[in-house]
1. From the list Ala110, Ala56, which residue is among the small types (Gly, Ala, Ser), buried (at least 16 other Cβ atoms within 10 Å of the Cβ), touching a strand residue (DSSP E or B) at 6+ places or on another chain (Cβ under 8 Å) and more than 25 Å from Pro21 (Cα to Cα)?
2. Any residue at all in the stretch 97-104 that is in a helix (DSSP H, G or I), over 22 Å from the mean Cα position of the chain (by Cα) and under 21 Å from Glu150 (Cα atoms)?
3. Which of the residues that make up the stretch 25-44 are surrounded by fewer than 19 Cβ atoms within 10 Å (Cβ to Cβ) and not charged (D, E, K, R)?
4. Check whether at least one residue in the stretch 129-144 is out of contact with any Leu (no Cβ under 8 Å at 6 or more places or on another chain), modelled with pLDDT under 95, assigned to a strand (DSSP E or B) and more than 16 Å from Lys101 (Cβ to Cβ), and report yes or no.
5. Consider only pairs whose beta carbons are under 9 Å apart and that are at least six residues apart or on different chains; among these, list those whose first residue lies in the stretch 18-42 and is farther than 15 Å from Asp83 by Cα and whose second residue is in a helix (DSSP H, G or I) and among the basic types (Lys, Arg).
6. Cβ-Cβ below 9 Å, separation at least six or inter-chain, first residue in the stretch 85-101 and farther than 16 Å from Gly30 by Cα, second of a type in the set (A, V, I, L, M, F, W, C) and in a loop (DSSP other than H, G, I, E, B): which pairs?
7. Scan the stretch 59-69 residue by residue and report those that are open to solvent by less than 40 Å² (accessible area, probe 1.4 Å) and part of a helix (DSSP H, G or I).
8. Return yes or no: is Val50 in a helix (DSSP H, G or I), at pLDDT below 90 and crowded, with 17+ Cβ neighbours inside 10 Å?
Amino acid sequence: MHRAPTARASRPAKERPTASPDFTKAYAAGYEEGEKLYDAGGKGAAVREVVGGGCARRALAAGAGADQDRGAWVKGCQDGVGDAPRHPPAHPLTKRESNQKLLKGFRAWARAQGDTAAARHAGRVFTVELTRRDYDIEVSTDYSSRAEAEKFAGTFVVWWDGDDGPGVARNLVILDPHGRRIATRRL
């Protein structure tokens, strides 16, 4: 016996639910955090979090919600703490660029200080633009130990002069050989 296929009711393509892109999820998570900060601290919180870079610093501690797009998370946090209407981005906001100049400068400085290990373990260096004013520095290493990575981060911070990009560098992120965050430091 042959059965006729059953017809399913379907919605037009415009009405089908779709998953939100990662950057809009990151924005929403940041916005929620910003609202909490505003509720707890009012306008003073807005100054600390936007002008003082608090949202950019908090993005690292926000976990997976921010890691999807730290720039979108920071924008959401700044909008939320500023009591601004939600305005999610239309595209990813984080811009990550390799910076050979910083890598060469750090390696030369480390060797001059007699720290050939730090020079040897520094892999690629990236500037990670979060907003027009805030960025992070990421350094890939071949370290897999948190203790070694934190020591390396301390050396990098001593070298860092904070003047190598547009805006203000907020965080140093040390990455293990697999590109996972293994240590962080404030700059």
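1. Working: Ala56 fails: more than 25 Å from Pro21 (Cα to Cα).
After ruling out the rest, the residue left standing is Ala110.
2. So in the stretch 97-104, the residues in a helix (DSSP H, G or I) come out as 100-104.
Restricting the remaining residues to those that are over 22 Å from the mean Cα position of the chain (by Cα) gives 104.
Going one step further and asking which of them are under 21 Å from Glu150 (Cα atoms), we end up with 104.
Yes, that holds for at least one residue.
3. Our first condition is that a residue be surrounded by fewer than 19 Cβ atoms within 10 Å (Cβ to Cβ); within the stretch 25-44, this holds for 28, 32, 35-36, 39-44.
Ala28, Ala40, Gly41, Gly42, Gly44 - these are the residues of the stretch 25-44 that are surrounded by fewer than 19 Cβ atoms within 10 Å (Cβ to Cβ) and not charged (D, E, K, R).
4. The answer is yes, given that some residue of the stretch 129-144 is out of contact with any Leu (no Cβ under 8 Å at 6 or more places or on another chain), modelled with pLDDT under 95, assigned to a strand (DSSP E or B) and more than 16 Å from Lys101 (Cβ to Cβ).
5. Listed pairs, sorted by first residue: Ala19/Lys25; Ala26/Arg70; Ala26/Lys75.
6. Filtered contacts from the stretch 85-101: Lys95/Leu130.
7. Just the residues of the stretch 59-69 that are open to solvent by less than 40 Å² (accessible area, probe 1.4 Å), to begin with: 59-60, 63, 65-66, 69.
Ala59, Leu60, Gly65, Ala66 - these are the residues of the stretch 59-69 that are open to solvent by less than 40 Å² (accessible area, probe 1.4 Å) and part of a helix (DSSP H, G or I).
8. Values: in a helix (DSSP H, G or I): yes; at pLDDT below 90: yes; crowded, with 17+ Cβ neighbours inside 10 Å: yes.
Spelling it out, Val50 is indeed in a helix (DSSP H, G or I), at pLDDT below 90 and crowded, with 17+ Cβ neighbours inside 10 Å.
The values are calculated or read from the model by the stated rules, or taken from the named source; none is laboratory data. Remember, predicted model here, so these are calculated numbers, not experimental data. Don't worry about glycine lacking a Cβ; one is built from the backbone with ideal geometry, like all the others, and counts go over all protein chains shown. Just the protein is used for accessible areas: all its heavy atoms, side chains included, with ligands, DNA and RNA removed. Shrake-Rupley method; radii C 1.70, N 1.55, O 1.52, S 1.80 Å.
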